[in-house]
Amino acid sequence: MNNYDVNKIKEQFPALNRQVWDKPLVYLDSAASMQKPQQVLESINKNYSFNYSNVHRGLHKLSEEATANYEGARLKISNFMNCNPQEIVFTSGATAAINLIAYSWGTKNLMPDDEIIITIAEHHANIVPWQLVAEQRGAKIIAAKVDPDQDFDSKIIKDLITSKTKIIAFPHVSNVLGTTFPVKEICDIAKKNGVISVVDGCQGIIHEKVDVQDLGCDFYCFSGHKLYGPTGIGVLFGKYNLLEEMPPFLGGGDMIDVVKIEKSTYADPPNRFEAGTPPIVQAIALGEAIDWITNIGIDKISVHEKNVISYGTALLDSISGVNVFGKSPNKTGVVSFTMDCAHSHDIATIIDREGIAVRAGHHCAQPLMDYFNLVSTTRASVGAYSTNEDFDKLAEALVKVKKIFGA
Ligand code: PMP
């Protein structure tokens, strides 16, 4: 994109201008957590320094300001995702959001022998909460297979649906393969079969426009720290009619209507699901991160990142002894690979000395690793600030790894 100035973007990230082991940092670990632009850092500083107080309960100026900023962030996020602000529940992260759905919706609605469809490409955060609720309710988990070199075919889900299916939970984008799932098609299949759709959007909303109305999903979750925002804040989008029918997950202040010793009644969504003091400054800073993204344009970021990923995939694939894992034509965000000569932990440790940050291991996706008989992979992942040169440096470092191992 000729008007996408990646160097100008990079300058806004203090961390990206530091050195590691006396070398300029090459940050290729954005799928684990995105670095933060100055605008977000300033928002955190400002909102703790001058506008800080607890929200909702206060009758003084600072509390009113904090409440307006906190609710303002909800509005920004709802505009970003094209939904009603009442459909945005703040959580501590995607993991907390998925647990909320599993416990609240699942405990109320799942019956013995009911089926929950997931995929083998799931992050553990979209497996374990379903296992916990399935065990409690006597339900079963069914896992759809994935081909790492192909786009995911929604027919695989269609073929798994039975009269017992209650939930389809799947990733927007796989955090290991980078495969983009056909969210709209899967949600449509779910809808036609009276099944609830849950999208783990952690690796999706960071790379492309998400319009929950257009996608037709019932629930969509993500973590703020992967979207240039702070840790400790996550988002659960839920269709209002579903949220309205769901019992609370956590009890305490702010989620109630009336409390009596015998029995309490609860607030309407989203407050019903936000017990206790929420992550106020984190939510506001996530709103600021969304302003930052919107100012550049998520579509431009998306095109830039896809270009970098296809460059990186082709480059790493051209090095003998490097095996790229995951070559779906619709891949985004990550390049996972193994090397014939070295374990992923050795690769990551060696290239760290060159200033290159990548992730190595099972990426919280053990069933995917098991299915493909892999112990681990090394994963390079990108954000709005990543460049082809980052992959050039990675490729050079991998050649050094080969030398060290005599390959
Ligand atoms: N799902 C996916 C696809 C992820 O990549 C991650 C983070 N690695 C999670 C869920 C969990 O996110 P968090 O740890 O921020 O709750």
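Please pick out the residue among Ile293, Ile309, Ile351 that is more than 16 Å from the ligand (Cβ to nearest atom), buried (at least 21 other Cβ atoms within 10 Å of the Cβ) and assigned to a helix (DSSP H, G or I).
Ile351
Here's the yes/no breakdown for (1) over 24 Å from Pro37 (Cβ atoms); (2) crowded, with 16+ Cβ neighbours inside 10 Å:
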{"position": "Val212", "(1), (2)": "yes, yes"}
{"position": "Ser223", "(1), (2)": "no, yes"}
{"position": "Lys226", "(1), (2)": "no, yes"}
{"position": "Glu244", "(1), (2)": "yes, no"}
{"position": "Asn271", "(1), (2)": "yes, yes"}
{"position": "Val281", "(1), (2)": "no, yes"}
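Go over the candidates Ala365, Ala384 one by one and state the one that is within 18 Å of the chain's Cα centre (by Cα) and either under 24 Å from Ala143 (Cβ atoms) or at pLDDT below 95 (or both).
That would be Ala365, the only listed residue that is within 18 Å of the chain's Cα centre (by Cα) and either under 24 Å from Ala143 (Cβ atoms) or at pLDDT below 95 (or both).
Go through segment 204-227 residue by residue and tally those that are of a type outside the set (Ser, Thr, Tyr) and within 12 Å of the ligand (Cβ to nearest atom).
So the answer is 10.
Can you tell me which residues in segment 33-47 are of a type in the set (S, T, N, Q) and outside any helix (DSSP H, G or I)?
Ser33, Gln35, listed by residue number.
Out of curiosity, is Ala102 small (Gly, Ala, Ser), over 17 Å from Leu227 (Cβ atoms), within 16 Å of the ligand (Cβ to nearest atom) and buried (at least 18 other Cβ atoms within 10 Å of the Cβ)?
Yes, satisfied.
Can you tell me which residue among Asp299, Asp268 is touching a residue at least 60 places away in the same chain (Cβ under 8 Å), part of a helix (DSSP H, G or I) and not β-branched (Val, Ile, Thr)?
Of Asp299, Asp268, the one residue that is touching a residue at least 60 places away in the same chain (Cβ under 8 Å), part of a helix (DSSP H, G or I) and not β-branched (Val, Ile, Thr) is Asp299.
Ala384 fails exactly one of the following numbered conditions: (1) surrounded by fewer than 21 Cβ atoms within 10 Å (Cβ to Cβ); (2) part of a loop (DSSP other than H, G, I, E, B); (3) hydrophobic (A, V, I, L, M, F, W, C). What is the number of that condition?
(1)
Looking at Ile44, is it under 17 Å from Asn271 (Cβ atoms) and either among the basic types (Lys, Arg) or out of contact with any Gly (no Cβ under 7 Å at 6 or more places or on another chain) (or both)?
no
The values are calculated or read from the model by the stated rules, or taken from the named source; none is laboratory data. Worth saying up front: this structure is predicted, and the values here are computed from it rather than measured. No Cβ is skipped: glycine too gets one built from the backbone with ideal geometry, and neighbour counts run over all protein chains shown.
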